[in-house]
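Before any comments, here is the structure.
The values are calculated or read from the model by the stated rules, or taken from the named source; none is laboratory data. If you're wondering where the values come from, they're calculated on a predicted model, not measured in any experiment. Protein only, heavy atoms only, side chains kept; ligands, DNA and RNA dropped before computing areas. Shrake-Rupley method; radii C 1.70, N 1.55, O 1.52, S 1.80 Å.
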Amino acid sequence: MAAPVLYTRLVASFPAGVAPAAVDAVIDLARALGAELQALLLEDIASLAMAGLPSPRTFDPRGAVWREMQPTEVQRELELAAAVLRRQLELAQRAGLHAQLTVARGGPGAVLAQYAQQDDLLVVTEPADPMARWVQPFTELLQAALASPAALLYLPHQGARASGAIAFLGSAVAGELARRMAQALGAPRVDAEAGQPQLRTHSLQALLAQLAERRVRVVVCDRAALGEHPQRTLLEAGDRRLAVLLAPARGGG
(Lines give C-alpha, C1' and ligand atoms only; values in the text may rest on other atoms or scores of the structure.)
Protein backbone atom coordinates (compact mmCIF):
# COMPACT_ATOMS: atom_id res chain seq x y z
CA MET A 1 0.00 0.00 0.00
CA ALA A 2 1.29 3.49 -0.88
CA ALA A 3 2.30 5.95 1.83
CA PRO A 4 -0.65 8.04 3.02
CA VAL A 5 -1.33 11.26 1.12
CA LEU A 6 -3.24 14.03 2.91
CA TYR A 7 -5.04 11.69 5.34
CA THR A 8 -4.12 8.40 6.96
CA ARG A 9 -7.74 7.32 7.26
CA LEU A 10 -11.08 7.93 5.57
CA VAL A 11 -14.15 7.53 7.76
CA ALA A 12 -17.06 7.06 5.38
CA SER A 13 -20.69 6.91 6.46
CA PHE A 14 -23.06 5.02 4.19
CA PRO A 15 -26.88 5.08 4.29
CA ALA A 16 -28.68 1.77 3.87
CA GLY A 17 -29.76 2.85 0.38
CA VAL A 18 -26.30 3.84 -0.84
CA ALA A 19 -25.64 3.37 -4.54
CA PRO A 20 -22.80 0.93 -5.39
CA ALA A 21 -21.20 3.66 -7.53
CA ALA A 22 -20.76 5.86 -4.44
CA VAL A 23 -19.11 3.01 -2.54
CA ASP A 24 -16.75 2.39 -5.45
CA ALA A 25 -15.93 6.11 -5.54
CA VAL A 26 -14.97 6.08 -1.84
CA ILE A 27 -12.84 2.97 -2.33
CA ASP A 28 -11.09 4.56 -5.31
CA LEU A 29 -10.42 7.73 -3.30
CA ALA A 30 -8.99 5.79 -0.35
CA ARG A 31 -6.74 3.90 -2.74
CA ALA A 32 -5.60 7.10 -4.49
CA LEU A 33 -4.77 8.73 -1.15
CA GLY A 34 -3.10 5.61 0.25
CA ALA A 35 -5.46 5.80 3.22
CA GLU A 36 -7.20 3.20 5.34
CA LEU A 37 -10.97 3.08 5.01
CA GLN A 38 -13.31 2.87 7.99
CA ALA A 39 -16.78 2.31 6.54
CA LEU A 40 -19.76 3.02 8.79
CA LEU A 41 -23.24 1.73 8.04
CA LEU A 42 -25.60 3.61 10.35
CA GLU A 43 -28.73 1.88 11.57
CA ASP A 44 -31.84 4.01 11.29
CA ILE A 45 -33.05 3.77 14.89
CA ALA A 46 -36.22 5.76 14.19
CA SER A 47 -37.29 3.40 11.41
CA LEU A 48 -36.48 0.36 13.52
CA ALA A 49 -38.63 1.75 16.33
CA MET A 50 -41.44 2.65 13.93
CA ALA A 51 -41.43 -0.85 12.49
CA GLY A 52 -42.29 -2.18 15.94
CA LEU A 53 -45.45 -0.07 16.25
CA PRO A 54 -48.91 -1.44 15.38
CA SER A 55 -49.71 -1.04 11.65
CA PRO A 56 -46.76 1.20 10.78
CA ARG A 57 -46.70 2.78 7.32
CA THR A 58 -43.96 4.22 5.13
CA PHE A 59 -44.04 6.32 1.97
CA ASP A 60 -42.88 4.53 -1.16
CA PRO A 61 -41.55 7.15 -3.63
CA ARG A 62 -41.51 4.64 -6.48
CA GLY A 63 -45.31 4.53 -6.57
CA ALA A 64 -45.99 7.74 -4.63
CA VAL A 65 -48.16 5.78 -2.18
CA TRP A 66 -48.19 4.87 1.47
CA ARG A 67 -47.76 1.19 2.23
CA GLU A 68 -47.61 -0.92 5.35
CA MET A 69 -44.19 -1.48 6.84
CA GLN A 70 -43.51 -5.08 7.78
CA PRO A 71 -41.89 -5.55 11.23
CA THR A 72 -38.82 -7.26 9.77
CA GLU A 73 -38.51 -5.13 6.63
CA VAL A 74 -36.19 -2.43 7.96
CA GLN A 75 -33.82 -4.92 9.58
CA ARG A 76 -33.77 -7.01 6.41
CA GLU A 77 -32.89 -3.97 4.30
CA LEU A 78 -30.09 -3.07 6.70
CA GLU A 79 -28.70 -6.60 6.57
CA LEU A 80 -28.83 -6.53 2.78
CA ALA A 81 -27.02 -3.19 2.66
CA ALA A 82 -24.35 -4.53 5.03
CA ALA A 83 -23.89 -7.62 2.86
CA VAL A 84 -23.47 -5.53 -0.31
CA LEU A 85 -21.02 -3.18 1.40
CA ARG A 86 -19.05 -6.06 2.87
CA ARG A 87 -18.75 -7.72 -0.54
CA GLN A 88 -17.43 -4.54 -2.16
CA LEU A 89 -14.95 -3.96 0.67
CA GLU A 90 -13.72 -7.55 0.54
CA LEU A 91 -12.93 -7.14 -3.14
CA ALA A 92 -11.04 -3.93 -2.31
CA GLN A 93 -9.15 -5.68 0.48
CA ARG A 94 -8.01 -8.39 -1.93
CA ALA A 95 -6.64 -5.60 -4.11
CA GLY A 96 -4.58 -4.29 -1.18
CA LEU A 97 -6.82 -1.70 0.49
CA HIS A 98 -6.96 -1.69 4.27
CA ALA A 99 -10.70 -1.46 4.95
CA GLN A 100 -13.09 -2.22 7.77
CA LEU A 101 -16.89 -2.16 7.99
CA THR A 102 -18.78 -1.33 11.16
CA VAL A 103 -22.57 -1.44 11.49
CA ALA A 104 -23.19 1.26 14.08
CA ARG A 105 -26.30 1.94 16.15
CA GLY A 106 -26.91 5.32 17.74
CA GLY A 107 -27.34 8.96 16.85
CA PRO A 108 -25.06 10.11 14.01
CA GLY A 109 -23.34 12.66 16.25
CA ALA A 110 -22.46 10.03 18.83
CA VAL A 111 -21.32 7.56 16.18
CA LEU A 112 -19.04 10.09 14.46
CA ALA A 113 -17.61 11.14 17.83
CA GLN A 114 -16.85 7.49 18.59
CA TYR A 115 -15.22 6.53 15.30
CA ALA A 116 -13.88 9.72 13.71
CA GLN A 117 -10.88 11.74 14.81
CA GLN A 118 -10.00 15.32 13.98
CA ASP A 119 -7.24 14.33 11.55
CA ASP A 120 -9.45 11.90 9.59
CA LEU A 121 -11.23 12.72 6.37
CA LEU A 122 -14.97 12.30 6.89
CA VAL A 123 -16.92 11.19 3.84
CA VAL A 124 -20.70 11.57 3.70
CA THR A 125 -22.38 9.81 0.79
CA GLU A 126 -25.86 10.73 -0.41
CA PRO A 127 -28.68 8.16 -0.34
CA ALA A 128 -29.73 7.00 -3.80
CA ASP A 129 -33.37 7.90 -3.00
CA PRO A 130 -33.82 11.68 -3.56
CA MET A 131 -36.46 11.92 -0.83
CA ALA A 132 -34.13 10.34 1.74
CA ARG A 133 -31.65 13.19 1.26
CA TRP A 134 -34.09 15.69 2.84
CA VAL A 135 -35.21 13.73 5.92
CA GLN A 136 -33.86 11.87 8.92
CA PRO A 137 -31.58 10.08 9.45
CA PHE A 138 -29.50 11.59 6.64
CA THR A 139 -30.10 15.22 7.60
CA GLU A 140 -29.05 14.48 11.18
CA LEU A 141 -25.90 12.75 9.94
CA LEU A 142 -25.00 15.69 7.72
CA GLN A 143 -25.55 18.16 10.56
CA ALA A 144 -23.25 16.11 12.79
CA ALA A 145 -20.57 15.93 10.09
CA LEU A 146 -20.74 19.68 9.45
CA ALA A 147 -20.30 20.30 13.18
CA SER A 148 -17.13 18.20 13.23
CA PRO A 149 -13.79 20.05 12.97
CA ALA A 150 -12.45 17.38 10.61
CA ALA A 151 -12.22 17.79 6.85
CA LEU A 152 -15.44 16.64 5.20
CA LEU A 153 -16.08 15.31 1.70
CA TYR A 154 -19.69 15.42 0.51
CA LEU A 155 -20.07 12.81 -2.21
CA PRO A 156 -22.98 12.67 -4.70
CA HIS A 157 -24.89 9.39 -4.78
CA GLN A 158 -23.46 8.69 -8.27
CA GLY A 159 -19.94 9.25 -7.01
CA ALA A 160 -17.71 12.10 -8.13
CA ARG A 161 -16.79 12.45 -11.79
CA ALA A 162 -13.92 10.18 -12.83
CA SER A 163 -12.07 13.13 -14.36
CA GLY A 164 -12.04 16.89 -14.16
CA ALA A 165 -10.29 19.68 -12.32
CA ILE A 166 -10.06 20.25 -8.58
CA ALA A 167 -11.34 23.77 -7.94
CA PHE A 168 -10.79 25.87 -4.83
CA LEU A 169 -12.73 28.72 -3.32
CA GLY A 170 -11.93 31.13 -0.52
CA SER A 171 -9.08 30.73 1.93
CA ALA A 172 -5.43 29.85 1.41
CA VAL A 173 -6.07 26.68 3.43
CA ALA A 174 -8.65 25.54 0.88
CA GLY A 175 -6.27 26.42 -1.95
CA GLU A 176 -3.46 24.35 -0.47
CA LEU A 177 -5.74 21.41 0.24
CA ALA A 178 -6.95 21.58 -3.36
CA ARG A 179 -3.36 21.59 -4.59
CA ARG A 180 -2.52 18.46 -2.62
CA MET A 181 -5.75 16.72 -3.64
CA ALA A 182 -5.12 17.57 -7.29
CA GLN A 183 -1.60 16.18 -7.02
CA ALA A 184 -2.87 12.95 -5.44
CA LEU A 185 -5.52 12.47 -8.12
CA GLY A 186 -3.38 13.58 -11.04
CA ALA A 187 -5.82 16.38 -11.86
CA PRO A 188 -5.39 20.10 -12.62
CA ARG A 189 -6.16 22.67 -9.94
CA VAL A 190 -8.19 25.76 -10.83
CA ASP A 191 -9.46 28.85 -9.06
CA ALA A 192 -13.26 28.60 -8.92
CA GLU A 193 -13.57 32.38 -9.25
CA ALA A 194 -10.81 32.91 -11.83
CA GLY A 195 -11.57 35.65 -14.33
CA GLN A 196 -14.36 37.09 -12.19
CA PRO A 197 -12.68 39.39 -9.64
CA GLN A 198 -15.85 41.48 -9.38
CA LEU A 199 -17.86 38.39 -8.36
CA ARG A 200 -15.58 37.11 -5.61
CA THR A 201 -18.30 36.57 -3.04
CA HIS A 202 -16.80 33.24 -1.87
CA SER A 203 -20.28 31.72 -2.22
CA LEU A 204 -20.33 28.15 -3.47
CA GLN A 205 -24.01 28.27 -4.36
CA ALA A 206 -23.43 31.23 -6.68
CA LEU A 207 -20.81 29.21 -8.58
CA LEU A 208 -22.51 25.82 -8.84
CA ALA A 209 -23.83 26.26 -12.38
CA GLN A 210 -20.47 27.50 -13.64
CA LEU A 211 -18.55 24.69 -11.94
CA ALA A 212 -20.89 22.12 -13.44
CA GLU A 213 -20.42 23.60 -16.91
CA ARG A 214 -16.65 23.35 -16.45
CA ARG A 215 -17.14 19.73 -15.34
CA VAL A 216 -15.19 20.28 -12.14
CA ARG A 217 -14.63 17.03 -10.24
CA VAL A 218 -14.24 18.36 -6.68
CA VAL A 219 -14.49 21.87 -5.27
CA VAL A 220 -12.58 22.64 -2.07
CA CYS A 221 -13.79 25.40 0.22
CA ASP A 222 -14.41 26.36 3.84
CA ARG A 223 -17.70 25.79 5.64
CA ALA A 224 -18.38 29.53 5.45
CA ALA A 225 -18.66 29.25 1.66
CA LEU A 226 -21.81 27.14 2.09
CA GLY A 227 -23.75 30.19 3.22
CA GLU A 228 -26.77 30.30 5.53
CA HIS A 229 -28.16 26.97 4.32
CA PRO A 230 -25.19 24.58 4.10
CA GLN A 231 -27.24 21.42 3.67
CA ARG A 232 -29.21 22.91 0.78
CA THR A 233 -26.01 24.03 -0.92
CA LEU A 234 -24.46 20.58 -0.60
CA LEU A 235 -27.59 18.88 -1.92
CA GLU A 236 -27.64 21.22 -4.92
CA ALA A 237 -23.97 20.44 -5.56
CA GLY A 238 -24.80 16.75 -5.43
CA ASP A 239 -27.58 17.25 -7.98
CA ARG A 240 -24.88 18.56 -10.34
CA ARG A 241 -22.59 15.63 -9.54
CA LEU A 242 -20.08 17.93 -7.88
CA ALA A 243 -18.22 16.60 -4.86
CA VAL A 244 -17.48 19.19 -2.15
CA LEU A 245 -14.43 18.97 0.10
CA LEU A 246 -14.66 21.19 3.18
CA ALA A 247 -11.33 22.19 4.68
CA PRO A 248 -10.87 21.25 8.36
CA ALA A 249 -12.01 23.80 10.89
CA ARG A 250 -9.72 25.22 13.58
CA GLY A 251 -6.64 23.92 11.84
CA GLY A 252 -7.65 20.23 11.99
CA GLY A 253 -6.25 17.73 9.46
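Observations, loosely collected:
- Residues whose placed amide H lies under 5 Å from that of Leu37, excluding near-sequence neighbours: Leu10, His98, Ala99, Gln100
- Cut-off under 5 Å, modelled amide H: who pairs with Gln117 long-range: none
- Rounded to the nearest 5, the antiparallel percentage of DSSP beta bridges internal to the range 104-253 is 15%.
- The alpha-carbon atoms of the range 136-188 define a convex hull whose volume equals 97 cubic angstrom per residue.
- Working note: Karplus 6.51/-1.76/1.60 with θ = phi - 60° gives the range 104-116 the couplings 10, 10, x, x, x, x, 5, 5, 5, 5, 6, 9, 9 Hz, where Gly and Pro are set to x.
- Prolate/oblate/rounded call for the range 87-140, Cα gyration tensor, a/c under 1.5 rounded: oblate
- Per-residue Karplus couplings for the range 224-229, computed as 6.51 cos²θ - 1.76 cosθ + 1.60 with θ equal to phi - 60°, are listed in order as 4, 5, 7, x, 6, 10 Hz, Gly and Pro entered as x.
- ³J(HN,Hα) computed for each position of the range 203-210 - Karplus, 6.51 cos²θ - 1.76 cosθ + 1.60, integer Hz, glycine/proline x: 10, 5, 4, 5, 10, 4, 4, 5
- Solvent exposure of the range 87-224 as accessible area per residue, Å², 1.4 Å probe: 47
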